[in-house]
Structures are given as C-alpha cells and as structure tokens.
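In what follows, a single structure is set out as structure tokens and then discussed.
The values are calculated or read from the model by the stated rules, or taken from the named source; none is laboratory data. Model, not experiment: these values are computed from the prediction. Cβ sites come from the backbone with ideal geometry, for glycine too, and all protein chains shown count toward neighbours.
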Amino acid sequence: MIKKCLFPAAGYGTRFLPATKAMPKEMLPILTKPLIQYGVEEAMAAGMSTMAIVTGRGKRAIEDHFDVSYELEHQIQGTDKEKMLADIRDIIDSCTFSYTRQTEMRGLGHAILTGELLIGNEPFAVILADDLCVNDGAGVLEQMVKLYNEHQCSIVAIEEIDPSQTNKYGVIAGSEIAEGIYRVTTMVEKPSPADAPSNLAIIGRYILTPDIFDILRETAPGKGGEIQITDALMEQAKMGKVIAYKFRGKRYDCGSIDGYVQATVELYEKSKVK
C-alpha cells in the first residue's frame, strides 16, 4: 500500500506576482479551498494518510492551514460558519503532516530528493498542487495506485497536448501496452516542438519507487541547470520500469492565470448545479 504523498511546495509562484509575494501559490483559493487542500483530498481518496511537504521561505501559511486554529474555532463556535471548517478538520484528524525546507530552487528532481527523509524506503506519490485534477469518479491518484498495484513500478500521469506546447512539459514516448497505458522508452524535458518525441505530456501526478532517490543523487543538472525528475525517470525507463498513464478526468493548469481563472469559473458553475 502507498501511504505517503509528497508535495513539492517551495516554488515562488512568480507568474502570480504580486499576489504570491507574501502568500504561497499553493494557498491560492479555488472557491473556498486552497489548491494544496484539493491535492491532499485527492491523496486521501487514494488511501494515503501521510502528507510530506517540501516548503521554502515564506510558506508558513501551509503549515498553519493544516493545523487547528483554536481562536478562530472558538470565535465561530455555535454559528452557521462552524460547518465551513468541517472538511479541513477531518483532514487534520485523519492525516499526519511533516515538513522540510528546500533551501535553494534546483528543480523538481532536487525538491523530491529533499523530501527523502520524510518518505523513507517505500513507494510514494507526488502531487504538484498547481495541477488541479477533477472528475466525477475515482481521482487521478486513485487510478494510478490501482495501476501501481498491477505493475509495481514508477508511473507518470500524461495527457495529450497541442504539439506547439511541448516546450512547457516533460514529454514521453513508448509502446502502448493497454488502452491509454504506455511502457515508456523516451522522456525529454521541455523539448521544442520539432524535437518532441510525441505530444504526450507529463502532468503533476507521479508514483515513484524509492530507488529514485539514489538515481537523483547521481543525476547531473539538465534543462535550465536544474535537476530534472524526467532525467532520473529516464534511467528507470531504460530498465522498463516506468509506465505512463493517460488518466481519466480534467486537469487545470492553475500555475497559469488562464488555467486558474478557468478552474475557478468551471468549478463555480459546477457547484451551483449541486
């Protein structure tokens, strides 16, 4: 069973300045919940109860959010507003949260390696909170856990993108072993459209086996001078140990203003239907 989920949350969120000057981008709200809470709820639905969060300077709001606020709860006790904290109290009561700091920004691979002491020697999930995934059935991570139970190897979630956008993503190629499931043979970080092996882009959901930490330690800086998780995963792929999964559901790129606004509008419209 996969019980731990890692949240790399040390980035500056510069695309949302000045809003993110003093507020973590992971705390930007979609309706009444911050992005990172949607991610934690997705991990819980997949059976995970230990949330490991890699933070940085100015990210204390994340820790405070997943903690009891005695003063606030006392203030609203007995009022209609008390029920508005029911979901977050359930998360706090059901999960264990641990934190460590990434002292310098050296890429997603480095962020994941920074979380090694929080994870230990066991398979784990990774969620990038600014990729908000929604659907009416099983969440993306729950779908991936079922696939992991079958294949027992690292898994990346993928979706088809416009070929002109490949320079924004890690891109995979491989052999389709079942509908929407690929045995990865190639992974390239942010290739130009001319050099991209396909239009299948990796999004912010991973299940990783613990040997990824040793591989990351030996991974040289790649694209942009950063330690790229795609480079480390490519080492596993050479041994046939990486699966790419075209997930069911919809992803909103809430790391961009367009995607953030789209998610807000569509989830608001959906909430009115309910």
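The table below gives the values:
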| read-out | value |
| --- | --- |
| Of all residues making up region 38-58, the number that are charged (D, E, K, R) and surrounded by fewer than 22 Cβ atoms within 10 Å (Cβ to Cβ) | 2 |
| Number of the exception - Ala19 against (1) under 21 Å from Ile257 (Cα atoms); (2) touching a strand residue (DSSP E or B) at 6+ places or on another chain (Cβ under 7 Å) | (2) |
| Residue that is farthest from Glu150 (Cα to Cα), among those in region 11-52 that are hydrophobic (A, V, I, L, M, F, W, C) and touching a Lys or Arg at 6+ places or on another chain (Cβ under 7 Å) | Phe16 |
| Any hit, region 68-85, residues being in contact with a strand residue (DSSP E or B) (Cβ under 9 Å, 6 or more places away or on another chain) and either surrounded by fewer than 19 Cβ atoms within 10 Å (Cβ to Cβ) or touching a residue at least 60 places away in the same chain (Cβ under 8 Å) (or both) | no |
| Qualifying positions in region 193-224 - free of Cβ contacts under 8 Å to residues at least 40 places away in the same chain, out of contact with any strand residue (DSSP E or B) (no Cβ under 8 Å at 6 or more places or on another chain) and over 17 Å from Thr114 (Cα atoms) | Pro193, Ala194 |
| Helices (runs of 4 or more DSSP H) contained entirely in region 46-121, each with at least 2 residues that are at pLDDT below 90 | 70-76, 86-94 |
| Top-ranked residue in region 183-200 [being in a strand (DSSP E or B) and among the charged types (D, E, K, R); ranked as modelled with the lowest pLDDT] | Glu189 |
| Test for Glu142: is it touching a helix residue (DSSP H, G or I) at 6+ places or on another chain (Cβ under 6 Å), surrounded by fewer than 23 Cβ atoms within 10 Å (Cβ to Cβ) and not hydroxyl-bearing (Ser, Thr, Tyr) | yes |
| Only listed residue being modelled with pLDDT under 90 and surrounded by fewer than 17 Cβ atoms within 10 Å (Cβ to Cβ), chosen from Lys246, Lys274 | Lys274 |
| Test result for Tyr38, under 19 Å from the mean Cα position of the chain (by Cα), modelled with pLDDT of 95 or more and of a type outside the set (A, V, I, L, M, F, W, C) | yes |
| Subset of region 156-182 (residues that are over 15 Å from Ala201 (Cβ atoms), in a strand (DSSP E or B) and either under 20 Å from the mean Cα position of the chain (by Cα) or not aliphatic (A, V, I, L, M) (or both)) | Ser175, Glu176, Ile181 |
| Qualifying position, being in a loop (DSSP other than H, G, I, E, B) and either crowded, with 22+ Cβ neighbours inside 10 Å or in contact with a helix residue (DSSP H, G or I) (Cβ under 9 Å, 6 or more places away or on another chain) (or both), among Ile203, Ile227 | Ile227 |
| Test: Val54 is in contact (Cβ under 8 Å) with a residue 60 or more places away in the chain and closer than 22 Å to Gln236 by Cα | no |
| Test: residue in region 211-219 that is in a loop (DSSP other than H, G, I, E, B), within 19 Å of the chain's Cα centre (by Cα) and surrounded by fewer than 17 Cβ atoms within 10 Å (Cβ to Cβ) | no |
